[in-house]
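I have placed the structure first, in the form of structure tokens, so that the comments after it can refer back to it.
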Amino acid sequence: MKRAKGFDLKFARDFAIKYSGKFAAIVNEKVVATGKSRSEVFLKAEKIAPATAKIGVFYFPTKKEMLTAL
């Protein structure tokens, strides 16, 4: 668990900028797939990732979406 928290804090800003407005699948601290829908990205990641790997799919909102949420 500690590793996941450190990962979130360390890379959150970089990913938010690079993948703004997209879904991204992350496996072992690396982005393995990106796309416009959660299911599309998960299916791409399943093909790439090892069978035992945990796949995390995250959406990185645009600046406009973040302002709207406030």
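The values are calculated or read from the model by the stated rules, or taken from the named source; none is laboratory data. Note that the coordinates shown come from a computational prediction; the quantities given were computed from them, not determined experimentally. Heads up, the Cβs are rebuilt from the backbone with ideal geometry, glycines too, and the neighbour counts pull from every protein chain shown. Each accessible area value is taken on the protein alone, full model and side chains, heavy atoms only, with ligands, DNA and RNA left out. Shrake-Rupley method; radii C 1.70, N 1.55, O 1.52, S 1.80 Å.
Here are a few things to note about the model shown:
- Qualifying positions in segment 26-70 - of a type in the set (Ser, Thr, Tyr), farther than 20 Å from Ala16 by Cβ and open to solvent by 80 Å² or more (accessible area, probe 1.4 Å): Thr52
- Contact map, segment 8-34: residues that are closer than 10 Å to Ala45 by Cβ and at pLDDT 90 or above paired with residues that are open to solvent by 90 Å² or more (accessible area, probe 1.4 Å) and outside any helix (DSSP H, G or I), Cβ distance under 6 Å, separation 6+ or inter-chain. Pairs shown: Ala24/Phe58.
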